[in-house]
Structures are given as C-alpha cells and as structure tokens.
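This report refers to the structure that appears directly beneath it.
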Amino acid sequence: MAWENDLPRRPQQPGFPPQVLREYAVVGDGRRGALVGPHGDIGWLCAPTWDSDAVFASLLGGRGVYAVTPADPRFVWGGFYRPGSLIWTNRWITTAGILHCREALALPADPHRTVLLRRIEAIEGDAEVLVVLDPRGRFGRREPTDLHRDDGIWHARIGSLRLRWTGGAAAQPDGQTLSARLRIPAGNRHDLILELSDRSLDTPVPDADRSWRVTEHVWQCERRDLPDCLGHRDADHALAVLRGLTNPDGGMVAAATMSLPERAKAGRNYDYRYSWIRDQCFAGQAAAAARVDSLLDAAVAFVGARLLEDGPRLAPAYTSTGARVPSEQALDFLPGYPGGRVMTGNHVNDQFQLDAFGEALLLLATAARRDRLSADSWRAIETAARSIESRWREPDAGIWELEPRQWTHSKLICVAGLTAVARVAPARQAAPWIRLADTILADTARRGLHPSGRWQRAADDPRIDAALLLPAIRGALPPDDPRTAATLAAVRTELQRDGYVYRFRPDHRPLGDAEGAFLLCGLSAALAAHHAGDPIAAAHLFERNRAASGPPGLYSEEYDVRQRQLRGNLPQAFVHAVLLEAAVTLAAPPAGPPTAW
C-alpha cells in the first residue's frame, strides 16, 4: 500500500468562473482576439477569425479555457501592457515570490493559423503554476478528438481545427483536458505555444524566442509617435487597441466579444464581433487626428469597398472580411455571462442606417485632406452622395439602432458629410452636394428643431439625445450657431451627471437606472465643449470619462457609475477611437469663442 506522499502529484483543476469585466485584458493580432482574466485564464477566443465559433468559452459559462495560474491561491494580482502593443503581462505576488506570465497572439497574423504565446517567468523566488488546457469546439459543445502526445508535443482535432501545443510535455490528460503543475526556478522561464489552424499543421514548430522577437518587432514598427495630446499613455494604448482589432484587410471589429450584457436581464446582449461602418469611420477620424495614416488607409479601403459593392444598399455592418453579418440566433445551451443571454449574429443585418453614408463621406473627406484618396475612393464618395440623395427622406434605424424613424442625427450627419466632401471636390462636382446639404438641413430644421431652439431626437420625439452633439463637431453647423449652443446646454442639463453623459432618457427613471453612462457620449461631449471654445469643460469631461476603465486600461460601451463597473462588450472600438481623437484634439487651441457649458 502506497502512502499518500508517495503517490504522483496530480494537479487540481481549479474552476475559472467569469470575473468583473474591468479585470480582463485583451490580446489581439487583427484577425482574432483573446480575453485574459486575472487568474491567468483565457476564457474567450474564437478561431480562426473574430466571428468563428469560440474555442474557449468559459467567459460565457461554457466549457473551454486555457489557464496559467499560481499554484498557491494566495496571491495579489496586477498586470501591464508593453507600451504601444497588445502584449500583456499578468503579474502575481505570492507568498513565495513574484511571477509573470506574458501573453500575446503572434505577429504577423496568419489568416488560418492562430498562434498564442505564453511565457511564464519566475521574477523573484521559485514559481509554481498550474496549467490547464481544455479546448472545446462550437462554443464548448465539441470535445477534442485524437488527443495524443508525439515527442513531447500535444496534438488534437477540434472539429475542423487542428491543435498543436508546445511546452506542455509534462501535462497529463484527464478526459480531454490537459493539466500540469510546473515549477520554475528563480530567474528562469518556461514557454508555451498553442497553435490552432483550419489547415494542416505540418509546418515546423515555432521557436519561442524568435516568435517573441518578431511579434515585439512588428508592434514596435507599427507604433507611431503621437502629437501633443492629453492622457498620452491612454491615447497610445487606445491606438494599440484599434490596431489589435483591425484586420490586415482593413475591417475593424466593434469588439472582441459577444453577449456581455449592458444591463442585467435587460435583453441587451449583442454580438459585436463584426465591422460597423460607423465605427470604422470613427477610427479613421481618430487615426487622421493622430496622423497614423496606416489605420486611416485601412478604414478608407474597407468603407470604400463596401460602398462600391453595395451602393445605396450599404449595410450598417459586415464581417471583418466584408461578408454579410449572419442573423441573430440564441445559444441557449450556454449559461451566459451573469445577467446575460448568449446571442450570436446581429439583427443589424436587416437595418438601414442613413448616418452611415454621412460618416463615410466625413471619413473620405478627411482622407482627401491628407491626400490619401485613390480613384476608387472618389467613386465611393460619388456613390455615397447619390445614396443620400435617393434615401434621405426614408426612416432609418439611426445611430442607436432603434425602430425606423426620422432621426435628426442621421440627417445632420449627412449634412456634415456632404459639406465636408464639397470642400475638397472641384466646384462643378461640389455644387450639387452643397445644394443637397442645404435641402436636408432646411427640412431637418423644419421638422427636427425643438421649440426651445435646440435639436430634438426625431420629428416625432422632442427629447434631447447626446448623439446630436456629433453633427456640430463634424461641421454640419458653425460652432456659434445658436442651435448648437442650445443643444450643448440641453445635454448638460438633462443628460450629464457627475461628469458622465447618457445617451437619452428612455423613460421616467433617473439617469443610470435604465442604462449605464455611454462613454462615446461623454468623450463626444468633451469634443463638443472644445469645439464651442470651452477648454476647461472639455478637459473635465475627457478626464472623467477616460477614468472609466479597469487596470488593463480597456473600455466597454457603457459604464455603471454607481458600481464603477464596465458594461457591454469589451474592448469597445469606438470608445477607444473617440478617446484617441479627443486626446489629440483637446491639446490644440479651442476652435471658437467660449460658451456656457
């Protein structure tokens, strides 16, 4: 009979339940992204592309996780990004010392092969970690097959994907889960490389040192010195997030995740792993402000191609490769993130959003001012202008993707877009665009102006909406237009609380009860205040809203002010885009005379 101490040590497999969103970091390579939790758990990764089925789905309560976590559960967690990159380091202080785990998706990104790098380092004292690899196909429903170890390297099949895991030779299988307890002497390190591919993995096993060097080099080469700006570190990180969410072919996903609820049990759980035209335009505007032409060019190429392909039938969103977004479908076999129901696909594929044409024109006009347009881009401008001319009288879903109505913001953004391209086009070409802009503005003023002199949400909705700040920022009206000033004042009075801004009042409840503060609106308000000539109010709004993140410095769509928690999918691209634009814009002198804010 063997004594217990003589038995082989089999590592316990700890559970990895979802954590609060503010504690998650993201690693991305433009083609896919993974969320890393504070316990070293990668609980979300879709492969081979953003909108593929998840291989690790524990974030949404399913099977599938890849964890490197301290063996001693008594630890204090922290972490940091390598500047200008999405290379993340989890840092744990334990009773025995300090250990790090560096995380990255290898670059340059292969469209078919996901390469996840993890480097465990014993910084002070010996490190002992538990490693758990439990890959599952189809959002946790499909177990690996043909799991075997060959010369110390693990191989498996997960549906159509092939798996190869290097560095886990000591792992032992428990069913289809691999687990190991690793001890790393002080000052040493251990590398793990996970590959997932929809093609044969007959290439040589990657060399860890070389993979890290190349990945760091690519990030460094892509990094650009920002102009003078506020919150330089956060602006630099926002730029890295935008790069990490942008496909090399140009499509930028709205977020890396799906079905993270904006409000508990409120039915607002969306799949954001797609490329919204509006978000892409926001990112392009931010890139232009920061003088990062590669991201501007990516946005122009993606938006221009969609306009030329679909014309007046431009969809609000596409996959990151330009394909149609699938219809919404519930995945009820997954428990979901606490408070949410799991949905894949998006109902936006059946919507018409007029403002997407206006945003596209604004983006292309900005690129023209930087001399970044091709002949195809000019054809895209003409297509967008014709589309506005033929469809501007139709009800649309608007920026918030609601029921079709005559949304004031949609029409004013088209005015801004037409005005912007008219300024960069030859006079003969510009004249009909100016006339069209004047016609739309006059009709919108007749139907969308509140009796108080401010803009209202829609012809049949007198409420104020923070989206109405955007057209003035983009040049639909001059800064000193009284309608602009009245709209600013109404947003401040009715939608701003404690330095945060809400979209609109959905009902009689106090702000914050129906939904969280909208970070896009708070940062847009900062731009609006600066545009109106009030740098103090602009800086206050900017600083308040850029504080609405967790330790990894990522932003979601909404912020629960009362609980100081992130709400919605993560990281939200358009928030990082507008933060970057505001950081650069607010460092310049105000554009106009001061106004009350």
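Observations on the model:
- Between the C-alpha center of region 463-488 and that of region 504-580 there is a gap of 18 Å.
- Across all directions, the average flat footprint of the convex hull enclosing the Cα atoms of the chain is 27.6 nm².
- When only Cα pairs below 8 angstrom with a gap of at least 6 residues are kept, region 204-328 shows a relative contact order of 23 percent.
- Relative contact order of region 374-521, pairs being alpha-carbon contacts under 8 Å that are 6 or more residues apart, as %: 18
- Amide H partners (placed H, <5 Å) of residue 253, local residues excluded: 247
- Accessible area per residue in Å² at 1.4 Å probe, computed on the chain: 38
- Helix 375-391 axis versus longest C-alpha principal axis of the chain: approximately 60°, rounded to the nearest ten.
- Amide N of region 462-490 lying under 13 Å from the label point, which is placed 7 angstrom from the Cα of residue 588 along Cα→Cβ: 474-475
- Spacing of the two label points (7 Å from each Cα toward its C-beta) at residue 80 and residue 138, in nm: 4.5
- Here, region 206-322 yields an orientationally averaged convex hull projection of 10.1 nm² when only Cα atoms define the hull.
- Rounded to the nearest 0.05, the FRET efficiency derived from the C-beta distance between residue 403 and residue 205 at R0 = 41 Å is 0.15.
- Distance between the C-alpha centres of region 190-253 and region 54-80: 21 Å, rounded to the whole angstrom.
- Fully extended contour minus Cα-Cα distance, from residue 213 to residue 225, at 0.36 nm per residue: 2.2 nm
- Spin-label proximity, residue 145 to region 157-171 - amide N less than 20 Å from point 7 Å beyond Cα toward beta carbon: 157-165
- Region 394-459 versus region 280-319: alpha-carbon centroid distance in Å: 20
- Square roots of 5 times each gyration tensor eigenvalue, C-alpha, region 412-551, largest first, Å: 29, 18, 12
- Note on residue 310/residue 374: beta-carbon distance plugged into 1/(1 + (r/R0)^6) with R0 of 25 Å gives a FRET efficiency of 0.85.
- With Cα atoms, 0 to 90° folded angle of helix 573-585 axis to the chain main axis: 60
- If you look at the Cα atoms of region 410-485, you get an Rg and a Dmax of 12.7, 39 Å.
- Trypsin sites (Lys or Arg not before Pro) within region 286-327: DSSP coil, no more than 15 neighbouring Cβ in 10 Å: 291
- Taking all protein chains as shown and a probe of 1.4 angstrom, residue 544 keeps an accessible surface of around 80 Å².
- Of the peptides 449-460, 200-211, the ranking by mean beta-carbon count within 10 Å, highest at the top, reads 449-460, 200-211.
- Taking every protein chain into account, the 1.4 Å probe leaves residue 252 with about 0 Å² of accessible area, to the nearest ten.
- Modelled spin labels at residue 391 and residue 265, positioned 7 Å past Cα toward Cβ, are 3.9 nm from each other.
- Rounded if a/c under 1.5, otherwise prolate or oblate - region 66-219, Cα gyration tensor axes: oblate
- Its relative contact order, with pairs defined as Cα atoms under 8 Å and 6+ residues apart, puts the chain at 13 percent.
- Against the chain, whose longest principal axis comes from its Cα atoms, helix 427-448 is set at around 90 degrees.
- Label positions at residue 95 and residue 110, each projected 7 Å from the Cα along the C-beta direction, are separated by 4.3 nm.
- Checking every one of the trypsin sites (Lys or Arg not before Pro) in region 393-432 against DSSP loop status and a limit of 12 other Cβ atoms within 10 Å picks out 393.
The values are calculated or read from the model by the stated rules, or taken from the named source; none is laboratory data. Note that the coordinates shown come from a computational prediction; the quantities given were computed from them, not determined experimentally. Using ideal geometry, Cβ is built from the backbone for each residue, glycine included, and neighbour counts are taken over all protein chains shown. All accessible areas refer to the heavy atoms of the entire protein, side chains included, with ligands and DNA or RNA removed. Shrake-Rupley method; radii C 1.70, N 1.55, O 1.52, S 1.80 Å.
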